[in-house]
Amino acid sequence: MGTVEPQVAASSDAEQRAQLDGFQLVIEALKLNGLDTIYGLPGIPITDLTRRAQAAGLRVLSFRHEQNAGYAASIAGFLTQRPGICLTVSAPGFLNGLNALAHATVNCFPMILISGSSEREIVDLQQGDYEEMDQLAIAKPVAKAAFRVLHAEDIGVGVARAIRAAVSGRPGGVYLDMPAKLFAQSIDSSLGKNSLIKVVDPAPKQIPAPEAVKRALDLLKSAKKPLIILGKGAAYAQADAEIKALVEETGIPYLPMSMAKGLLPDTHEQCASAARSFVLPAADVVMLIGARLNWLLSHGKGKTWGGKGAKDWGGQKFVQIDISPQEADSNVRIDAPLVGDIGSCVSSLLNEMKSGWTKPPADWVNAINEKKNGNVAKMAETLAKNPSPMNFHSALNVVRDIVRANPEAMFVNEGANALDFTRSIVDMYRPRKRIDVGTWGIMGVGMGYCVAAAVCTKQQVIAVEGDSAFGFSGMEVETICRYNLPVCIVIMNNNGVYKGTDKDPTGRDPAPTVFVKDARYDKLMEAFGGVGVHATTPAELRKAMEEAIRSKKPTLINAAIDETAGTESGRITSLNPTAGKKK
Ligand code: ADP
Ligand code: TZD
Ligand code: MG
């Protein structure tokens, strides 16, 4: 008997060696496709997936709440053009991650939410499994695509389909459902290896039709007051050199949308940001490059665009470059849709321009410059003031200098006033440096974005956060400290949402928009070994930011801002029904 036992052990060892389980197949499928980072939160049934992925050399970043892991994955997708991977547990973990999946889809960021789930048999009969939920059905409406894998031999196909769905065409969020039983399934290792797919050309080029290119260029040539609008699709496309060449060779003034800032430096002579409210209504032909005519552009109509009433169209004609053929005409008529990937479309335009191009009329360019110079001078005056207490402007004047001196730093921004003032005051100098609340104007992306920005780019990260905005993801300062990431968070602390001055008219409770007065968010960072600084003057803020960047230590600066300084809803007061009624 003694001689038999070792043999049995040896043969079962060999058997195990010849098998691959579901955990391993998922890891191999991700690795094979260069997906080497997972943003997630462990628990049943994916704890071992996180452990084994780490052991296999993947970077596994473990968060304190799935929503933040999800936002990290979504922005990793934006920054890298590869789907960001978020990994969650069943039902509640999945739902926590779902917000980010919806955010990815809405913002056109490629992301894959992989979630463990409970047993199909029990879920479908609603027999009350541990964390029971029909996750696939719930994910579908907010995802670009959703898949479930039931058998280990289908993991390769499942991951490949998820990658293609996330990055091809208009990017978006993809859900991949993996029931607990899948991970424990084992299959023959050669069969398993053979079932994996390395996705070839996941985001194929989409070349625009020559006649569409000609139509677009003819329309642009007819313009007396042309304008280019760059959106975050243009930033995502990584066609930076082509876009720069197009802007400079056409000589057309341009406006960057928030996350397109820095595609060309905001200080570029053709940048019309400081004359936005002049150029939008005055322009006659507008070329949109990776920007939708949604609420952020007042739907392409109304007073912003020179329309007489709120719903009237202005006189503009539009060229729209977009990868989605359905985007044109979504709000107003698009006279020259140019469907394709931005790199290919812009190159085609540049090619076609070789047959001759005349720069825009000098009176248009001069009129813009005049407006710009006036507004820039006015802003410089405001920024130079040094009121006590510090206000948004005097604090952001410091941030603006620090970003100018560190143009490679990633810049995260959320809040209301803390967002709107920052966007207009802090210039960006390089592509894809500014990441913010995006299409939904969502609060809570901050710390997840900081982690992903640091991990994906290895650069210093600077975050300017409203005190309310920060609260949505604040616990992730522990994550930032745990991974020792070079993140400098500046909290614009005005004691509340928009302002800190509201009162409960009955005198019973604090008003819904206010927080504990003079809170010390810096202490939160100190709790986890990071550097906390309380700054009450621009000089203190400057010193703390410079030191954070020099030391690369996780730093949180609590910038005490005048609690009366903000305005209701920041710059979107008009969308507030009460404020609208008062008008
Ligand atoms: P912004 O908010 O900056 O105005 P949007 O998110 O509204 O930008 O618009 C981005 C647009 O870019 C989307 O319509 C999307 O289809 C498009 N897009 C994304 N990636 C590409 C690409 N590689 N080529 C062409 N269009 C793209
Ligand atoms: N919840 C979510 C997820 N997103 C939102 N946008 C809101 C709530 C509503 N909201 C805004 O639109 S801005 C904001 C909220 C709660 C916070 C503004 O306060 P802040 O910024 O402290 O972040 P300022 O500088 O005080 O304006
Ligand atoms: Mg605030």
Open item on the list: Just to be sure before I move on: is Val106 touching a Phe, Trp or Tyr at 6+ places or on another chain (Cβ under 7 Å) and either free of Cβ contacts under 8 Å to residues at least 12 places away in the same chain or of a type in the set (Val, Ile, Thr) (or both) in the structure I sent?
Closed with: yes
Task: Where a residue in segment 448-476 is on the phi > 0 side of the Ramachandran plot and of a type in the set (Lys, Arg) and its partner, wherever it lies, is within 16 Å of ligand 3 (Cβ to nearest atom) and assigned to a helix (DSSP H, G or I), with Cβ under 8 Å and at least six apart - done: none
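Given the criteria crowded, with 20+ Cβ neighbours inside 10 Å, basic (Lys, Arg) and assigned to a helix (DSSP H, G or I), does Lys372 qualify? Break it down stepwise before answering.
Numbers: crowded, with 20+ Cβ neighbours inside 10 Å: yes; basic (Lys, Arg): yes; assigned to a helix (DSSP H, G or I): yes.
So Lys372 passes the test.
Considering only residues of segment 289-306 that are farther than 17 Å from Gly231 by Cα and not in a loop (DSSP other than H, G, I, E, B), which is nearest to ligand 2 (Cβ to nearest atom)?
At the first step, the residues of segment 289-306 found to be farther than 17 Å from Gly231 by Cα are 301-306.
Those left that are additionally not in a loop (DSSP other than H, G, I, E, B): 301, 303-305.
On the way: Lys301: 23, Lys303: 22, Thr304: 20, Trp305: 24 Å.
Residue satisfying both the conditions and the ranking: Thr304.
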Open item on the list: Lys232 - would you say it is within 25 Å of Asp436 (Cβ to Cβ), crowded, with 19+ Cβ neighbours inside 10 Å and in contact with a strand residue (DSSP E or B) (Cβ under 7 Å, 6 or more places away or on another chain)?
Closed with: no
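Take the residues in segment 473-501 that are in a loop (DSSP other than H, G, I, E, B) and surrounded by fewer than 17 Cβ atoms within 10 Å (Cβ to Cβ); name whichever of them is nearest to ligand 1 (Cβ to nearest atom).
Filtering segment 473-501 for residues in a loop (DSSP other than H, G, I, E, B) gives 473, 483-486, 494-495, 497-501.
Filter once more, keeping what is surrounded by fewer than 17 Cβ atoms within 10 Å (Cβ to Cβ): 483-484, 501.
Working: Tyr483: 29, Asn484: 32, Thr501: 32 Å.
The selected residue is Tyr483.
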- [ ] From Ile289, Ile228, Ile321, grab the single residue that is of a type outside the set (Ser, Thr, Tyr), in contact (Cβ under 8 Å) with a residue 24 or more places away in the chain and under 25 Å from Glu370 (Cβ atoms).
- [x] Ile228
Task: Lone qualifier among Asp420, Asp504, Asp509, Asp427 - being of a type in the set (Asp, Glu) and within 16 Å of ligand 2 (Cβ to nearest atom) - done: Asp420
Task: Subset of segment 203-229 (residues that are touching a helix residue (DSSP H, G or I) at 6+ places or on another chain (Cβ under 7 Å) and either of a type in the set (Asp, Glu) or more than 18 Å from Ala291 (Cβ to Cβ) (or both)) - done: Ala203, Lys205, Ile207, Val213, Lys214, Leu217, Lys224, Lys225
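On the given criteria, is Ile549 modelled with pLDDT of 95 or more, β-branched (Val, Ile, Thr) and within 16 Å of ligand 3 (Cβ to nearest atom)? I'd like the intermediate steps shown before the answer.
Working: modelled with pLDDT of 95 or more: yes; β-branched (Val, Ile, Thr): yes; within 16 Å of ligand 3 (Cβ to nearest atom): no.
Spelling it out, it is not the case that Ile549 is modelled with pLDDT of 95 or more, β-branched (Val, Ile, Thr) and within 16 Å of ligand 3 (Cβ to nearest atom).
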Open item on the list: Return the residues of segment 458-472 that are surrounded by 24 or more Cβ atoms within 10 Å (Cβ to Cβ) and either part of a loop (DSSP other than H, G, I, E, B) or among the aromatic types (Phe, Trp, Tyr) (or both); say none if nothing qualifies.
Closed with: Phe470
Task: Residue, farthest from His103 (Cα to Cα), within segment 424-455, restricted to residues that are touching a strand residue (DSSP E or B) at 6+ places or on another chain (Cβ under 7 Å) and within 16 Å of ligand 1 (Cβ to nearest atom) - done: Met428
Open item on the list: I need every pair where a residue in segment 397-418 that is under 14 Å from Glu547 (Cα atoms) has its Cβ under 7 Å from the Cβ of a residue that is in a helix (DSSP H, G or I) and modelled with pLDDT under 95, sequence separation at least 6 or different chains.
Closed with: none
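Scan segment 563-574 and give yes if some residue there is away from ligand 2 (no atom under 16 Å from the Cβ), more than 27 Å from the chain's Cα centre (by Cα) and either surrounded by fewer than 23 Cβ atoms within 10 Å (Cβ to Cβ) or of a type in the set (A, V, I, L, M) (or both), otherwise no. Show your work before the answer.
Filtering segment 563-574 down to residues away from ligand 2 (no atom under 16 Å from the Cβ) leaves none.
Checked segment 563-574: no residue is away from ligand 2 (no atom under 16 Å from the Cβ), more than 27 Å from the chain's Cα centre (by Cα) and either surrounded by fewer than 23 Cβ atoms within 10 Å (Cβ to Cβ) or of a type in the set (A, V, I, L, M) (or both).
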Open item on the list: Against the condition acidic (Asp, Glu) and closer than 24 Å to Tyr449 by Cα, how does Glu563 come out, does it pass?
Closed with: no
Open item on the list: Taking the criterion of being within 12 Å of the chain's Cα centre (by Cα) and within 13 Å of ligand 2 (Cβ to nearest atom), would at least one residue in segment 460-483 satisfy it?
Closed with: no
Task: segment 154-208 - residue that is of a type in the set (D, E, K, R) and surrounded by fewer than 18 Cβ atoms within 10 Å (Cβ to Cβ) and, of those, nearest to Ala76 (Cα to Cα) - done: Arg170
TODO: Would you please list the contacts, defined by Cβ atoms under 6 Å and residues six or more apart or on different chains, that run from a residue in segment 428-446 that is of a type in the set (Asp, Glu) to a residue that is part of a strand (DSSP E or B)?
DONE: Asp436/Asn413
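Consider segment 519-559. How many of its residues are in contact with a Pro (Cβ under 6 Å, 6 or more places away or on another chain) and surrounded by 17 or more Cβ atoms within 10 Å (Cβ to Cβ)?
From segment 519-559, those in contact with a Pro (Cβ under 6 Å, 6 or more places away or on another chain) are 530, 552; that's our starting set.
Of the ones still in play, those that are also surrounded by 17 or more Cβ atoms within 10 Å (Cβ to Cβ) are 530.
Adding up the residues that qualify gives 1.
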Task: Among (1) within 19 Å of Met353 (Cβ to Cβ); (2) in contact (Cβ under 8 Å) with a residue 60 or more places away in the chain; (3) within 27 Å of the chain's Cα centre (by Cα), the one test that Thr267 misses - done: (1)
TODO: Can you tell me which residue within segment 405-417, out of those that are small (Gly, Ala, Ser) and away from ligand 2 (no atom under 16 Å from the Cβ), is surrounded by the most Cβ atoms within 10 Å (Cβ to Cβ)?
DONE: Ala409
Open item on the list: Show me the helices (runs of 4 or more DSSP H) found entirely inside segment 389-457 where at least 3 residues are away from ligand 3 (no atom under 16 Å from the Cβ) and within 20 Å of Asp266 (Cα to Cα).
Closed with: 392-405
Task: Checking Val332 against (1) within 16 Å of ligand 1 (Cβ to nearest atom); (2) surrounded by fewer than 21 Cβ atoms within 10 Å (Cβ to Cβ); (3) under 23 Å from the mean Cα position of the chain (by Cα), the condition it does not meet - done: (3)
Task: Residues within segment 34-44 that are under 14 Å from Met178 (Cβ atoms) and buried (at least 24 other Cβ atoms within 10 Å of the Cβ), tallied - done: 2
Open item on the list: Which condition from (1) aliphatic (A, V, I, L, M); (2) more than 16 Å from ligand 2 (Cβ to nearest atom); (3) at pLDDT 95 or above is the one that Ala384 breaks?
Closed with: (3)
Task: Identity of the residue in segment 551-562, touching a Gly at 6+ places or on another chain (Cβ under 8 Å) and part of a loop (DSSP other than H, G, I, E, B), that ends up farthest from ligand 2 (Cβ to nearest atom) - done: Lys553
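Within segment 493-506, identify whether any single residue is away from ligand 3 (no atom under 16 Å from the Cβ), among the charged types (D, E, K, R) and at pLDDT 95 or above, and answer yes or no.
As a first pass, look at segment 493-506 and keep what is away from ligand 3 (no atom under 16 Å from the Cβ): 503-506.
Subset that is among the charged types (D, E, K, R): 503-504.
Now restrict to residues that are at pLDDT 95 or above: 503-504.
Scanning segment 493-506, I find at least one residue that is away from ligand 3 (no atom under 16 Å from the Cβ), among the charged types (D, E, K, R) and at pLDDT 95 or above, so the answer is yes.
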- [ ] Would you mention how many residues in segment 307-329 are surrounded by 17 or more Cβ atoms within 10 Å (Cβ to Cβ) and either assigned to a loop (DSSP other than H, G, I, E, B) or modelled with pLDDT under 95 (or both)?
- [x] 6
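The values are calculated or read from the model by the stated rules, or taken from the named source; none is laboratory data. All figures in this text were calculated on a predicted structure; none of them were measured in a lab. Backbone-built Cβ (ideal geometry, glycine too); neighbour counts: all protein chains shown.
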